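Visitor: So that we are looking at the same thing, I have put the structure below in structure tokens.
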Amino acid sequence: MPAFPSKFSSRRCRLLFLLALTLLGASALLFFGVFRSEDSKFRSFAQEVFARELSGNTLNLHYTVADAASYGLEDSPVTLGSSSPDSRRQSLSILENYRRSLENFSYEKLSSSSQLTYDIFRDYLDTELAAGSMYLYEEPLGPTLGIQAQLPILFAEYKFRIKKDIEDYLQLLSQVPDYFSSILSFEQEKSRNGLFMSDDTADRIIAQCREFTADPESNYLLEIFNEKIQGISNLSEDEKIDYQTRNASILTSLVIPAYEELADGLASLKGTGTNTMGLYYWPLGKDYYEYLVKSCVGDSRSIADIEEAVKTQMVEDYGAIVNLIRENSGSLETESTPSSETLSVPEEMLEDLRGKIVKDFPLPPQVQYQVKYVHDSLQEYLSPAFYLTPCIDDYRNNVIYINPAGNYEGLDLYTTLAHEGYPGHLYQSVYFESSSPDLLRSLLGPDGYTEGWATYVEMYSFSLWEGDPAQTALAQKNRSFTLGLASLLDIGIHYRGYTREDAAQFLKQLGFSQETAASLYDSILESPANYLQYYVGCLNFYDLRDYAMELMGDSFSLKSFHQAVLEAGPAPFSILKKYLSENLG
């Protein structure tokens, strides 16, 4: 049985930032006019929310739209937003105002597409507001997935389309000290309320910060920026030199000291953390975990029901593994890894996948994609592969990154590219954007939909691999089983109170080493419910597929089911089920 995937194998770049929102009161509805249709007023409202959300955070804006001017956002202030306690409390008031505005619309007078946007937005607002009192349970920092670890990657991938992008980038860099100061003030309030992280977690974050600041003169953001600037043809040599000089100065005089001050601030808070285990051991930890599952996974069932669904699938997978080993013991002993003589490079694999999926998936839109390789200086920090979601107004140009450090090849690379490309994230993203959905939809939807879909089709892609069938089936069941086991441990650690010793003993019985158990425990401890986004999200797509079969009877086809959930787009699974009942029944 293979080792567990670590958090680094979470195959999509996670761009997690708090928005600094601006207030939209119910009175704003007057702007939309009394002579317009209800649906027209709702669409205007949704667009206004979209614009206000993006104007509060330049990184979100830059990664969401390519041409800010076409959305009237070219004059938005350049800002990283804020993570201070006051800004977090203010955001709850803003969400309450959004909900009051939403309630002014007559749901029955909206078009079906607007009703879907309404349902998703209302579910998001209700979920966030219900958990508002637990905002101190949020943790913006983390050894591998925290803001301090992700921010350099976001800067490294920041695309320079026009000269203003370079100026914005440098201004954002200069704001890192204030932004980290707001994070530190939040951590200090967590500490005062007895909710600060454990010393071990703090040490790992501090070590990550120290690593980033260890050699300022050769920091990878210097090298990457210089390479990008040299590639811009409409800059003079003097302009390039000036930009490189400014960037180096900001990095060494502002960004590096900001990381050092963040590390020092966390060090001063060590000893105030009282919990070294999962959320279960916080006063409202179980409640917060339930919120995370509903918000991030998009599953509103009880944790007990989700846990039972995970166990059921694991039992099925384990039984299949045992049968495959029993029935194919000779061939499994002589060939440990499925192989193919014809596919070896990513582009070939993606084209193979794109051609084969047309049997069970609707035709994908005509788009371009590039396969790029992660910069040498970033290979240590990034996943084996990831899809960088394109801007909504530039969705025809796509990039999939391969990290050479992952050493993926053969079936592993093929199924990874299915997850990231066809019929995974790339296909899913461009299919939805080609339908011209409401702009607000680009900011909504749980990761359980996107990652659950990518995992669902990853499992499907094993059937497309032209290797030994028994070997391929065994690899698929192993992959599913290990993801299920990680999800079960996620629930156990954060909702059932499993200690580190409990997890190690449980995994030892399944043949996993103590080192693997410790690594998995730490990764789950850092990011509760992360594995559930992938695995429980996938199980929800299995359930939706079964539901569609009941609705459609003899007329059911995988293609029609896939088309329906792709057209619906990112949404909580209960809303997806409602959508299927209205469109497939």
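The values are calculated or read from the model by the stated rules, or taken from the named source; none is laboratory data. No experiment lies behind these values; they were computed from the predicted model shown. Note: ideal-geometry Cβ built from the backbone for every residue, glycine included; neighbour counts use all protein chains shown. Ligands, DNA and RNA are excluded from the accessible area calculation, which covers all protein heavy atoms including side chains. Shrake-Rupley method; radii C 1.70, N 1.55, O 1.52, S 1.80 Å.
Visitor: By how many nm would the segment from T516 to L284 lengthen if fully extended, with 0.36 nm per residue of separation less the alpha-carbon distance?
Guide: Residue separation times 0.36 nm, minus the Cα-Cα distance, leaves 80.6 nm.
Visitor: Between E316 and S233, 0.36 nm times their residue separation minus their Cα-Cα distance comes to what?
Guide: Going from the current span to full extension adds 24.2 nm.
Visitor: Near S84, within a Cβ-to-Cβ distance under 13 Å, what is the net charge of the other residues, with Lys and Arg +1 and Asp and Glu -1? Write out the running numbers ahead of the final one.
Guide: Values: positive: R88, R89, K190; negative: D86, E138, D178, E187, E189.
Overall, the nearby charge balance is -2.
Visitor: Please list 3J(HN,Hα) in residue order for the range 301-317, calculated via the Karplus relation 6.51 cos²θ - 1.76 cosθ + 1.60 where θ = phi - 60°; whole Hz, with x for glycine and proline.
Guide: So the Karplus estimates, Gly and Pro as x, are 5, 5, 4, 4, 5, 5, 4, 5, 5, 5, 4, 4, 5, 5, 4, 4, 5 Hz.
Visitor: Could you check the spin-label model distance between D554 and E211? Points 7 Å from the Cα along Cα→Cβ, value in nm.
Guide: 6.1
Visitor: A further question follows. Which net charge results for the neighbourhood of E550, defined as the other residues with beta-carbon distances under 13 angstrom from its beta-carbon, given Lys and Arg at +1 and Asp and Glu at -1?
Guide: Every neighbour counted, the sum reads -1.
Visitor: Also, quick follow-up: Skip the ligands, DNA and RNA, and give the accessible area per residue of the range 506-583 with a 1.4 Å probe, whole Å².
Guide: Numbers: 3220 Å² over 78 residues.
I get 41 Å² per residue for this part.
Visitor: Counting only pairs 8 or more places apart or on different chains, how many lysine pairs in the range 147-254 have C-alpha atoms closer than 20 Å? Walk me through the intermediate numbers first.
Guide: Values: K159/K228; K159/K240; K163/K228; K163/K240; K164/K228; K164/K240; K228/K240.
Number of lysine pairs found: 7.
Visitor: Give me the number: length gained by fully extending E380 to T499, i.e. 0.36 nm times residue separation minus the C-alpha to C-alpha distance, one decimal in nm.
Guide: Extra length from E380 to T499 when fully extended: 39.9 nm.
Visitor: Another question about this same structure. Identify all lysines with a Cα-Cα distance to K41 below 19 Å; exclude those on the same chain that are fewer than 8 residues away in sequence.
Guide: Result set, ordered by chain and number: K109.
Visitor: Here is a follow-up. Roughly how far apart, in whole Å, are the Cα centres of the range 494-516 and the range 364-418?
Guide: 33
Visitor: Here is a follow-up. How many percent of DSSP beta bridges within the chain run antiparallel, rounded to 5?
Guide: Values: 4 of 10 bridges.
Among the beta bridges of the chain, antiparallel pairing accounts for roughly 40 percent.
Visitor: Give me a comma-separated list of calculated 3J(HN,Hα) values for the range 79-87, in order, Karplus coefficients 6.51, -1.76, 1.60 applied at θ = phi - 60°, integers in Hz, x for any Gly or Pro.
Guide: 3J(HN,Hα) across the range 79-87, in whole Hz: 7, 8, x, 8, 10, 6, x, 5, 5.
Visitor: Counting only C-alpha contacts under 8 Å and six or more residues apart, can you give the relative contact order of the chain as a whole percent?
Guide: Rounded, it is 19 percent for the chain.
Visitor: Net charge within 14 Å of V358 by Cβ-Cβ distance, Lys/Arg positive one each and Asp/Glu negative one each, not counting V358 itself?
Guide: +1
Visitor: So, one more: Please calculate the 1.4 Å probe accessible area of W282, with all protein chains present, and give it to the nearest 10 Å².
Guide: 40
Visitor: Further question on the same structure: Cross-link candidates for K477: which lysines have Cα within less than 29 Å, leaving aside residues fewer than 8 places away along the same chain?
Guide: Straight-distance partners of K477: K7, K294, K311, K356, K359, K508, K559, K577.
Visitor: Kindly identify the chain as rounded, prolate or oblate by the Cα gyration tensor criterion: order the square roots of the eigenvalues as a ≥ b ≥ c, call it rounded if a/c is under 1.5, otherwise compare a/b with b/c, prolate if a/b is larger, else oblate. Mind dumping the intermediate values first?
Guide: Working: a/c = 1.28, a/b = 1.14, b/c = 1.12.
Rounded, because the longest to shortest axis ratio a/c is under 1.5.
Visitor: Separate question: Take E103 and L363, extend 7 Å from each Cα along the Cα→Cβ direction, and tell me the distance between the two endpoints in nm.
Guide: Roughly 4.8 nm, to one decimal.
Visitor: Still on this structure: Rank-order 517-525, 189-197 by packing density, defined as the average count of other C-beta atoms within 10 Å over each peptide's residues, highest first.
Guide: 517-525, 189-197
Visitor: Right, another one. Using modelled backbone amide H atoms (1.01 Å from N, in-plane), which distant-in-sequence or interchain residues come within less than 5 Å of Y369's amide H?
Guide: So Y369 has HN proximity to N398.
Visitor: When only the heavy atoms of the protein chains count and the probe is 1.4 Å, how do K508, K356 rank by accessible area, highest first?
Guide: K508, K356
Visitor: Still on this model: How large is ³J(HN,Hα) for each residue in the range 365-375, as worked out from phi by the Karplus curve 6.51 cos²θ - 1.76 cosθ + 1.60 (θ = phi - 60°), to whole Hz, x for Gly and Pro?
Guide: Calculated HN-Hα couplings, in order: x, 6, 9, 9, 9, 10, 9, 10, 10, 4, 4 Hz.
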